Amino acid sequence: MTVEYIRYRIADPDRRGAFEKACAAALGHLYAAPQCLAYELARGVEDPDRYVLRVEWSSVEEHEQGFRHGPHFAPFLAEVGPYAGDIEETGHYQRALVVDKRRM
């Protein structure tokens, strides 16, 4: 399993609502993709123009080869593609340490 983080900065307050709606529509396509295990979109509290999309993929290969070449990628990209210029960082990460007190 690998985690992808995509960090957005939506500086224009008038675009934030539209971005969140586009993500809601796009994330439905992630949900349908078998390569996607989980996802969340978070908005900055101290800095509300910052967003982080966190996606858990079965593997980097399944993300890049399976999802991106599968039927769910094009409709996903159609929704969030207009915000590609707002991406500050994107990358895959492996978990190094996880503690979840809710599961203890």
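The values are calculated or read from the model by the stated rules, or taken from the named source; none is laboratory data. The shown structure was predicted, so the numbers you read here are calculated from the model rather than taken from an experiment. Neighbour counts are summed over all protein chains in view; Cβ atoms, including those assigned to glycine, are modelled from backbone coordinates with ideal geometry. Surface accessibility is based on the protein's heavy atoms, side chains included, excluding ligands, DNA and RNA. Shrake-Rupley method; radii C 1.70, N 1.55, O 1.52, S 1.80 Å.
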Accessible area of the chain divided out per residue, in Å², using a probe of 1.4 angstrom
64 Å²
Dipole moment magnitude, nearest 20 debye, the chain about Cα centre, only Lys, Arg, Asp, Glu C-beta charged:
360 debye
Carbon and sulfur %, accessible surface of the chain computed with the full protein complex present, 1.4 Å
52 percent
Largest-first ellipsoid semi-axes for the chain, taking √(5λ) over the Cα gyration tensor eigenvalues, angstrom:
22, 19, 12
